[in-house]
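Beneath this line is the structure, given in structure tokens, with notes to follow.
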Amino acid sequence: MAELDLGAVRAFVAVADNRHFGDAAVDMGITQQAVSKRVAKLESDLGAVLLARHRSGTHLTPDGEVFLPHARALLATADRATRSLRNGRPLRVDVLDTRLMGAELIRDFYATTTGLSVDVVTSNGLRAARATLKAGTVDAAFARVTSPLADDGLASIPAFLEPAVVLVGARHPLAGRKRVTMTELAGATAWMPGNAPNSEWADFWDAAGAAFGMRIDTTGPDFGYEHFVREIGTTTDRIGFIGERCQVPTHPGVVRLAVAPPRPAYPWSLLWHRRNPHTALPRLITHVRTRFRPYNPAEVWLPTADREFLRR
């Protein structure tokens with residue numbers, strides 16, 4: 001079975017509509033010779049003569065009459081497929097976890113953008129995003145980035161510096177406070193079972209632990225936020241950290257404490273592939289860029305790698 005060239009099919013339909021190779025060439029924006037070559041190729045692939053030239057113009061042969069409605073259907077299907085990719089396909093965004101800041105950023109974008117369709121997916125952060133953005137299975141991702149990504153064809157911009165808050169049980173010595181400083185947390189054990197080995201968020205909290213003299217306990221297993229909050233409520237000798245905008249379940253035995261500046265802030269970035277063609281992607285980039293608040297060292301503590309990356 002012949003593999004049909006859609007360009008050749010389009011040339012055939014243009015000649016059939018115009019009854020003239022020259023007029024078809026004008027409609028298509030190519031030379032008459034190019035139209036003739038495309039039609040000849042199509043006839044060769046099909047093993048049939050589709051058009052006959054006469055002094056009065058070009059006419060369909062009986063085989064051409066049979067093929068024409070199918071040719072129109074082929075082009076209509078191809079055009080719909082192209083439009084669906086350019087305009088109708090949902091913008092696919094990796095948010096790491098739907099309770100985290102990336103999901104809030106994309107929700108805000110969705111709420112303020114007319115005619116947008118979005119698919120939200122989750123993965124394991126930057127490690128997955130490098131591959132999926134390059135493959136085109138996602139259009140954008142939110143993750144922590146500390147070095148240029150140009151070697152992968154990827155680009156990124158800072159998206160949000162999310163301040164950390166502290167969770168303690170109701171019987172913890174700090175439970176009566178509304179706010180603490182990081183200096184006061186020196187010597188504390190921060191239980192963070194979700195800190196997957198070699199992940200960018202585990203690296204961030206390892207740096208915070210070293211900077212402020214805290215022990216980061218990642219013993220698990222990680223049974224999710226509900227279990228995490230419930231277990232924090234039972235302890236008097238461990239604390240937990242979450243992002244200020246992280247949507248964890250409330251628990252009567254858990255107290256949420258603000259952290260006085262300068263406080264750790266998780267640096268979210270928006271990532272995308274430079275050759276991604278989705279028409280909504282530039283709007284998302286602009287939306288994120290215009291809402292980013294610059295890094296203020298008096299307010300925010302960041303690991304050295306993040307500070308240096310933001311200065312670039």
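Around Ile157, what is the net charge, scoring Lys/Arg as +1 and Asp/Glu as -1 over all other residues with Cβ under 12 Å from its Cβ? Display every interim value, and only then the final one.
Numbers: positive: Arg289, Arg291, Arg312; negative: none.
Net local charge, Ile157 excluded: +3.
Comparing Leu42, Ser123, Val288 along the charge dipole axis of the chain, the residue lying farthest to the positive side is Val288, per the Cβ-charge model. Each Lys or Arg adds one and each Asp or Glu subtracts one; over the other residues with Cβ under 9 Å from the Cβ of Trp191, this totals -1.
The aspartates and glutamates within cross-link reach of Lys41, meaning a Cα-to-Cα straight distance under 14 Å and a gap of 8 or more places when in the same chain, are Glu3, Asp5. Helical runs assigned H by DSSP (4 residues or longer) give the chain a calculated mean residue ellipticity at 222 nm of -12000 deg cm²/dmol, each run adding -39500 (n - 2.57) before division by the residue total.
A straight line joining the Cα centroids of region 268-312 and region 10-89 runs 48 Å. Restricting to Cα atoms and excluding each atom paired with itself, what does the Kirkwood estimate give for the chain in Å? Computed over Cα pairs of the chain, the Kirkwood hydrodynamic radius comes out at 23.6 Å.
Mean-square fluctuations from a GNM of the chain, with a 10 angstrom spring cutoff on Cα atoms, peak among Gly102, Gly169, Gly187 at Gly187.
Where in the chain are the DSSP H helices whose C-alpha atoms run 20 Å or more along the long axis and whose mean Kyte hydropathy is at least -0.5? Walk me through the numbers on the way to the answer.
Working: long enough: 32-46 (21 Å, -0.55); 62-83 (33 Å, -0.22).
In the chain, the long hydrophobic H runs are 62-83.
Counting charges near Pro69 (Lys, Arg +1; Asp, Glu -1) among other residues having Cβ under 14 Å from its Cβ returns a value of -2.
Can you tell me the dipole magnitude for region 90-312 around its Cα centre, using point charges on the Cβ only (Lys, Arg +1; Asp, Glu -1), in Debye to the nearest 20? Display every interim value, and only then the final one.
On the way: 26 positive and 22 negative charges, 109 e Å.
For region 90-312, the charge dipole is close to 520 debye.
Give me Leu4, Leu161 ranked fewest to most by other Cβ atoms within 10 Å of their Cβ, as a rough exposure proxy.
Numbers: Leu4 15, Leu161 21.
By the 10 Å Cβ count, ascending: Leu4, Leu161.
The relative contact order of region 90-312 comes to 30 percent, based on Cα pairs under 8 Å that sit 6 or more residues apart. Considering Cα pairs under 8 angstrom that are at least six residues apart, work out the relative contact order of region 26-76 and quote it in whole percent. Result for region 26-76 is 21 percent. Look at Lys178, Lys41 and count the other Cβ atoms within 10 Å of each Cβ; fewest to most, that gives Lys178, Lys41.
The numbers here are math on the coordinates, done by the rules we state, and not lab data. Just so it is clear, the model here is predicted, and its values are computed rather than measured. Counting neighbours? That spans all protein chains shown, and the Cβs are built from the backbone with ideal geometry, glycine included.
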